[in-house]
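Worksheet for the structure shown next.
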Amino acid sequence: MEPLRTIGHFGTDGASAVPELIAALSDSSADARSAAAASLAQVGPAAAAGIPALAKALSDPGPHVRALAAIALRAMSPKAAAAVPELTQALSDPVNYVRAPAAEAKAAHL
């Protein structure tokens with residue numbers, strides 16, 4: 001997971017690794033999926049290609065993954081406006097620490 005986390009430290013310079021981060025959102029490990037979402041958030045709007053995968057990650061079985069996906073979508077504002085329907089669904093998430101970043105991300109796209 002460390003390589004996935006490290007990519008985010010490069011910020012927008014990590015954009016060349018976005019395809020690998022998107023692929024990691026489908027990893028069997030929740031830790032890998034979380035690390036990928038966190039790094040996509042740090043890359044920000046330069047990681048806009050990951051918006052569909054992040055929108056899908058809002059329904060991940062792991063709440064930490066869901067929360068980080070919402071944070072990443074917020075970081076990509078306004079490019080992630082297409083994810084508003086999934087963000088709206090995430091407002092009903094049973095976990096508070098998922099709902100809060102989903103609400104912030106949705107507000108950023110309105």
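Here, each number is a calculation from the coordinates, and none is a lab measurement. These numbers were taken from a predicted model, which means no experiment stands behind them.
Observations on the structure shown:
- Using alpha-carbon coordinates, inclination of helix 63-75 to the longest axis of the chain, degrees: 80 degrees
- As an equivalent ellipsoid, the chain spans semi-axes of 20, 15, 10 angstrom, where each value is the square root of five times an eigenvalue of the C-alpha gyration tensor, largest first.
- Region 20-32 - phi-based ³J(HN,Hα) in whole Hz, Karplus 6.51/-1.76/1.60, Gly and Pro as x: 5, 5, 4, 4, 5, 5, 9, 4, 6, 8, 4, 5, 5
- GNM top mover of A37, A82, A90 - the chain, alpha-carbon springs below 10 Å: A82
- Degrees separating the helix 96-108 axis from the principal Cα axis of the chain, which is the longest one: 90 degrees
- For the chain: relative contact order, % (alpha-carbon pairs under 8 angstrom, 6 or more apart): 23 percent
- Computed lengthening from E104 to R5, 0.36 nm per intervening residue step minus Cα-Cα distance: 33.3 nm
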